[in-house]
Amino acid sequence: MSSNTRITELEAKVATLTTMMLALAVQTQKPAKEKKEKKAKDPDAPKRPLTAYNLFVREMKTQDPKTDMKELGRMWKQDYPDKSDRTEWNDQAAAAKKVYKAEMEAWSVRTKSN
């Protein structure tokens, strides 16, 4: 076989393989997902309450503002491993949650009446 015919054969095979790969790519593509529209947030709606961990972080940051979040996470897990060790922040979070629920009920009644 001459080198020109061999090159022609290889080019034909490459073209065939390329078309086959393109066909497979088209078949395996997932359909584009439709984007959901975001709901407009009511600026008058009450803000969600802080969790016990957020209250802990806020308190620790007031004591030492240079403490990084990684260290605070370690402190939360190791220094206060049980819920009984975290009662101070859990109680504050529970109280904030009660206030939030009451505000949400009042807000929902106000918005439904409008």
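The values are calculated or read from the model by the stated rules, or taken from the named source; none is laboratory data. Remember, predicted model here, so these are calculated numbers, not experimental data. Cβ sites come from the backbone with ideal geometry, for glycine too, and all protein chains shown count toward neighbours.
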Taking the condition exposed (fewer than 13 other Cβ atoms within 10 Å of the Cβ) and touching a residue at least 60 places away in the same chain (Cβ under 8 Å), does D42 pass? yes
List the pairs whose first member sits in region 70-89 and is without any contact (Cβ under 8 Å) to a residue 60 or more places away in the chain, whose second member is part of a helix (DSSP H, G or I) and loosely packed, with under 13 Cβ neighbours inside 10 Å, and whose Cβ atoms are under 7 Å apart, counting only residues at least 6 apart or on separate chains? none
Would you be able to say whether some residue in region 69-91 is of a type in the set (A, V, I, L, M), part of a helix (DSSP H, G or I), surrounded by 11 or more Cβ atoms within 10 Å (Cβ to Cβ) and in contact with a Leu (Cβ under 9 Å, 6 or more places away or on another chain)? no
Of the listed residues (N54, N4), the one being assigned to a helix (DSSP H, G or I) and at pLDDT 95 or above is N54
Answer yes or no as to whether E59 is farther than 27 Å from K101 by Cα and in the same structural domain as E105 (by TED's automatic domain parsing). no
For R48, are the conditions met, namely being assigned to a helix (DSSP H, G or I), of a type in the set (K, R) and surrounded by 10 or more Cβ atoms within 10 Å (Cβ to Cβ)? no
Identify, by number, the condition in (1) exposed (fewer than 10 other Cβ atoms within 10 Å of the Cβ); (2) free of Cβ contacts under 8 Å to residues at least 24 places away in the same chain that E9 doesn't meet. (1)
